[in-house]
Amino acid sequence: MDIRLYALTTCPYCRMTKRYLDDHSISYEIVEVDLLEGEERQHTIDEVKQVSGGTSFPVLVADGEVVVGFNKSRIADILGL
Amino acid sequence: MVDSSARRVFHAGTTLDDLKAYMGPFAERLGYKFNTETDFVDEVLTSELEILERDGDVYCPCRIRTGDPKEDLKIVCPCIPFYRDQFAAIRKCWCGLFILNEVDDGAELLGVIEEPGAGTAVDVPVARLEDLPPDSVRRVKVGKNDIALARVGDEVFALSNICRHAFGPLAEGFVDGYHLLCPWHGWRYDVRDGTTDHPNADVKTYPVTVREGDVFVSVTIGRAR
């Protein structure tokens, strides 16, 4: 399953989500949006808006599902944990 | 709308205690308090200090600056005035740094960032009763609702801020008993039901409740952004 996590380095829920995925040995791609610059940053913000409808983080995209925030029960459901 | 000229700007050297001393009373007047999870509060505020150093202001750690100054102003902490209806529906700000005054345990609100569905009614705190002098009126914006909040004696009423005559701002008018007079041409509305002496020109009213000193106006929620 392709899993992508859009995150900010400053965001507590992003840290919680990363910890949760790591604790369950889930492999995922992480995009730390606040570290990006220029066009790449803008392009990624647009992408986040498109998938989540907003600019709140973290945004987890897995198996066609989108989870905004550290919603542990939804993440567990989607990943079968 | 927050008056940017009056807004506190933080500088390098700002401490956690500085942020708490400013934000606590600010949030309280809006019906919120710091989360009861004190470690979480410190974690969020520590992130905000990093953001202050990097980006020049205490932007929300859970949201990103888009580069549009007008939009970015809306994520400077505490951003409660810009999202009153959404936050009241989820009983906290996006991060959970702030929770409604009436929430006892903030731990159970942590984690989820959910946009409430459009069309649901929600009680939104708009003022402390003690901040409204008797027989006075003030303007509050809740989502797209432009509201005149009038205190008559110990009762509080909420009605549309827009006069039906020439769109004058009722919140700049005068309270006379149970009537609110438009400052422009003196059209008179009953604050209890929005009725006026003129035919087909009543204004919308909103249910108001006062709980533990917080004044709540019930609105139907709109789109988050």
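The values are calculated or read from the model by the stated rules, or taken from the named source; none is laboratory data. Just so you know, these numbers come straight off a predicted model, no measurement behind them. Methodologically, a virtual Cβ is constructed for each residue, glycine included, from the backbone with ideal geometry; neighbour enumeration extends over all protein chains shown. Note: areas computed on protein heavy atoms with side chains; ligands, DNA, RNA excluded. Shrake-Rupley method; radii C 1.70, N 1.55, O 1.52, S 1.80 Å.
One table, with the values for the structure above:
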read-out: Region B:1-78, accessible surface, carbon-and-sulfur percent (1.4 angstrom probe); value: 50
read-out: 26 Å Cα-Cα threshold exceeded, pairs from A:K72/B:K74; A:K18/B:K33; B:K20/B:K74; A:K18/B:K141; value: A:K72/B:K74; A:K18/B:K33; A:K18/B:K141
read-out: Two-site FRET efficiency, B:V210 against B:R188, from Cβ-Cβ distance with R₀ of 22 Å, rounded to 0.05; value: 0.30
read-out: Choice from B:D68, B:D197, B:D57 with maximal GNM fluctuation in chain B (Cα, 10 Å cutoff); value: B:D68
read-out: For region B:105-225, alpha-carbon Rg and Dmax in angstrom; value: 15.7, 52
read-out: GluC sites (Glu not before Pro) restricted to DSSP loop in region B:117-215 with at most 14 other C-beta within 10 Å; value: B:E212
read-out: Full-extension gain in nm, B:D39 to B:E102, via 0.36 nm per residue minus C-alpha separation; value: 20.7 nm
read-out: For region B:7-138: rounded, prolate or oblate by the Cα gyration tensor [a/c cutoff 1.5]; value: rounded
read-out: Cα-based shape type of region A:27-66, given that a ≥ b ≥ c are square roots of the gyration tensor eigenvalues and the cut on a/c is 1.5; value: oblate
read-out: Total formal charge among the other residues, if their Cβ is under 14 angstrom from that of B:Y178, Lys/Arg +1 and Asp/Glu -1; value: -4
read-out: Number of partner chain Cβ atoms within 10 Å, mean per residue of B:60-69; value: 6
read-out: 20 Å tail of the calculated P(r), chain A, as % of Cα pairs; value: 25
read-out: On Cα atoms only, tilt of B:38-55 relative to the major axis of chain B in degrees; value: 90
read-out: Mean accessible surface per residue for region B:102-155, computed with a 1.4 Å probe while every protein chain stays in place, in Å²; value: 49
read-out: Chain B: calculated mean residue ellipticity at 222 nm from DSSP helix runs of at least 4, using -39500 (n - 2.57); value: -6000 deg cm²/dmol
read-out: Region B:62-115-region A:7-80 distance, computed between alpha-carbon centres (Å); value: 18
read-out: Total accessible surface hidden between B and A, rounded to 100 Å², 1.4 Å probe; value: 1900
read-out: Estimated distance in nm for a label pair at B:Y22 and A:V31, the labels positioned 7 Å out from Cα along Cα-to-Cβ; value: 3.3
read-out: Of B:P133, B:P169, B:P199, the one that fluctuates the most in a GNM where chain B has Cα springs shorter than 10 Å; value: B:P199
read-out: Chain B pair-distance distribution - Cα-Cα, 10 Å bins, rounded %; value: 8, 31, 32, 20, 8, 1, 0
read-out: Length added when fully stretched, B:D131-B:A12, from 0.36 nm per residue minus Cα-Cα; value: 39.6 nm
read-out: Segments A:48-60, A:24-36 sorted - mean Cβ within 10 Å per residue, highest first; value: A:48-60, A:24-36
read-out: Cα-based Rg and Dmax for the protein assembly as shown, where Dmax is the largest Cα-Cα distance (Å); value: 21.6, 70
read-out: Most fluctuating residue given options B:A148, B:A127, B:A12, as computed from a GNM of chain B linking Cα atoms under 10 Å; value: B:A12
